[in-house]
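Colleague: One structure, pasted below without further comment.
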Amino acid sequence: MTVQIQDSQIEAIIQQVMAQLGSANGANGRSPSPLPRAAHYRGVFATPDEAVKAAHVALARFRRVSLTQRKAIIQAMREAAIENAQKLAQTAVQETHMGRVSDKVLKNLLVAEKTPGVEILPNDAYVGDDGLTLEECAPFGVILAVTPVTNPTATVINNAISMVAAGNTVVFAPHPASQNTSLMAMDILNEAIESAGGPPNLLVAAAEATIEVAGELMHHPQINLIVTTGGPAVVDAALRSGKRAIGAAAGNPPVLVDDTADPVKAARDIILGHSFDNNMPCTSEKEVIVTAGNADALMAAFRAAGNVCVLDPSRLPELERLVLNEKRSGPNRQYIGQNACVILAELGIAADEEMRAIIVEVGKDHPFVRHELMMPVLGVVRVRDFEEGVETAVEVEAGLRHSAIIHSSNIYHMSEFGRAINTTVFVKNAPSYAGLGFGGEGHTSFTIAGRTGEGMTTARTFTRIRRCTLVGAFSAV
Ligand code: NAD
């Protein structure tokens, strides 16, 4: 016997489930638990379980939304992100005390404009005597997206556009230190979705943001895919969950400058890329390796640039004590994402906010070279020649396969370095952010899955390939 379920019946079931759930913001009914300040944002639920259930209810509705309407929803999300780019950037800096408002605005605009939408989803058709076979992109369902403090709104906007364009709904688990900003971004996008005729709660979150909540969500039976953007611990946790997980992890991008590079242009590009949002992007230049024939010229170009402080090596121990943790195994968190002038002030060097970075020569084993600092402090290592430069860069990138940059006019050197370092993002003769599609060709992504191999994620990454075959009832001629 075939059971026909009408749209009106599905809608009635959905209404019933929503009434039982009740979203934390009160829009859909009662609030079952006491709520923190996040409660007033659209899509925030009292518990992780309620958030996941609401995302499933939204998914059932979203399945019946046409592709044309899905495109309109994505367009509305882009417009809302552009309209609120400044407000979100300001809120992020206020909440996290990290980064630069002007750079965060650019990041928000970049993801709003250059994150691909529905158009990137391929459909392959095979037609012949045996009929028609389609291969199409189906959604995973409900995705858990764990997001970082370093890009608290750009990652939310980028993930939301990519995941919704692919037909999914999303449970966000933002970093606790940027929860308010990330939920504000989610709220703005949810409002845009609804204004374009989409269902409520395509994007949801639990009212509490902690590592424990993120862990609980990873093991929730109704989460269909985990996407983590952050350091090694969160990616490890996702990969241990036993579910399909996409891991966008930490990097330590080296920039290699060889004898054939234009030192003035290289210095300018390195300063721009390294200091963008105070060095918090995972793709930003984290250490410079320069060949002996160009090292003096590069250092002179840094000095002449005027917007960086080239520190006398005699001051290095003071700087180390300030910006490294006690074990010298990573940054002192207090200085992550701070303006260079804040760090310089501690050294008794006066500077204003136009000062973009502190540059200092060090050896290749120095912590400034070996560890991702995420602050505008840049170590420069001199090497004998190109071959030693490649070897050093590969060593300090440490197999993360994240990002690398080269400045050279020798095309052989560019290919040789690219093959040797084998990173997910490789930029030649430009600031690192060109690899994010900012001043470089191609789309953008703020979830760069080098660890699990998906690369610059897009809507396509968040789909399953589904084959649909019709035999006999269709003829090619
Ligand atoms: P983080 O690893 O401290 O936190 C990232 C997210 O993971 C947060 O939401 C946090 O709450 C959660 N988390 C952390 N440990 C967890 C655990 N054990 N279980 C469950 N959840 C956990 O990173 P961050 O400081 O927010 O961001 C900076 C890091 O992220 C840097 O290492 C940077 O390179 C990396 N990053 C990578 C990409 C990429 O696309 N590859 C993009 C941005 C940032």
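Colleague: Please calculate how many Å² of accessible area the chain carries per residue, with a 1.4 Å probe and no DNA, RNA or ligand atoms counted.
Modeller: 41
Colleague: I need the calculated FRET efficiency for the pair residue 327 and residue 210, taking r as the beta carbon distance and R₀ as 22 Å, to the nearest 0.05.
Modeller: Computed FRET efficiency for residue 327 and residue 210: 0.30.
Colleague: Then there's this: Of the peptides 303-309, 428-434, 159-165, how do they stack up when ordered by the mean number of other Cβ atoms within 10 Å, highest first?
Modeller: Packing order, densest peptide first, comes out as 159-165, 428-434, 303-309.
Colleague: When a/c reaches 1.5 or more, the comparison of a/b and b/c decides; with that in mind, is the stretch 299-380 rounded, prolate or oblate per its Cα gyration tensor?
Modeller: Note, shape of the stretch 299-380 comes out oblate.
Colleague: By how many degrees, between 0 and 90 and to the nearest 10, does the Cα long axis of helix 263-275 differ from the longest principal axis of the chain?
Modeller: 50
Colleague: Take residue 86 and residue 40, extend 7 Å from each Cα along the Cα→Cβ direction, and tell me the distance between the two endpoints in nm.
Modeller: 2.2
Colleague: Turning to a different aspect of this structure: Based on the alpha-carbon gyration tensor of the stretch 265-344 and its eigenvalue square roots a ≥ b ≥ c, which shape applies: rounded if a/c is under 1.5, prolate if not and a/b is larger than b/c, or oblate?
Modeller: Prolate.
Colleague: How high is the relative contact order of the chain, in percent, counting Cα pairs under 8 Å that sit 6 or more residues apart?
Modeller: Relative contact order for the chain comes out at 19 percent.
Colleague: So what is the calculated 222 nm ellipticity per residue for the chain, using -39500 (n - 2.57) for each DSSP H run with n of 4 or more, over all residues, to the nearest 500 deg cm²/dmol?
Modeller: Mean residue ellipticity at 222 nm (helix-derived): -12000 deg cm²/dmol.
Colleague: Quick one: dipole size for the stretch 254-441, taken about the Cα centre, charges +1 on Lys/Arg Cβ and -1 on Asp/Glu Cβ, in debye to the nearest 20.
Modeller: 280
Colleague: Assign unit charges at the C-beta atoms only (+1 for Lys and Arg, -1 for Asp and Glu), then state the dipole size of the chain relative to its Cα centre in Debye, rounded to the nearest 20.
Modeller: Values: 40 positive and 50 negative charges, 220 e Å.
Roughly 1060 debye, rounded to the nearest 20.
Colleague: Could you please state, rounded to a whole Å, how far the C-alpha centre of the stretch 59-90 is from the C-alpha centre of the stretch 410-473?
Modeller: First find each Cα centre; the distance between them is then 24 Å.
Colleague: How high is the relative contact order of the stretch 119-256, in percent, with contacts defined as C-alpha pairs under 8 Å that are six or more residues apart?
Modeller: Relative CO of the stretch 119-256 lands at 23 percent.
Colleague: Longest exposed-loop-site-free stretch of the chain, with GluC sites (Glu not before Pro), DSSP loop and at most 12 other Cβ within 10 Å?
Modeller: On the way: sites that count: 326, 353, 354, 441.
Here the longest run is 1-325.
Colleague: Could you calculate the FRET efficiency of residue 411 with residue 354 from 1/(1 + (r/R0)^6), where r is the beta carbon distance between them and R0 is 30 Å, rounded to 0.05?
Modeller: About 0.25, to the nearest 0.05.
Colleague: In nanometres, what is the gap between the two model label sites at residue 419 and residue 130, each 7 Å from Cα along Cα-to-Cβ?
Modeller: Placing both labels 7 Å beyond Cα along the Cβ direction yields 4.0 nm.
Colleague: Same structure, new question: Share of antiparallel DSSP beta bridges in the chain, in percent to the nearest 5?
Modeller: Within the chain, antiparallel bridges account for around 30 percent of the total.
Colleague: Quote the charge dipole size of the stretch 378-428 about the Cα centre in Debye, to the nearest 20; the model charges only the Cβ of Lys and Arg (+1) and of Asp and Glu (-1). Can you show the working numbers first?
Modeller: On the way: 5 positive and 7 negative charges, 41 e Å.
Here the size comes out at about 200 debye.
Colleague: Then there is this: If you filter the stretch 360-410 for trypsin sites (Lys or Arg not before Pro), then keep DSSP loop positions with at most 12 other Cβ within 10 Å, what is left? Intermediate values should be presented prior to the final figure.
Modeller: Working: sites: 364, 370, 382, 384, 401; in loops: 364, 384, 401.
Hits after loop and neighbour filter: 384.
The values are calculated or read from the model by the stated rules, or taken from the named source; none is laboratory data. Keep in mind it's a predicted model, so treat the numbers as computed, not measured. We place every Cβ from the backbone using ideal geometry, glycine too, and count neighbours over all the protein chains shown. Remember, those area values only see protein heavy atoms, side chains included, never the ligands or the DNA or RNA. Shrake-Rupley method; radii C 1.70, N 1.55, O 1.52, S 1.80 Å.
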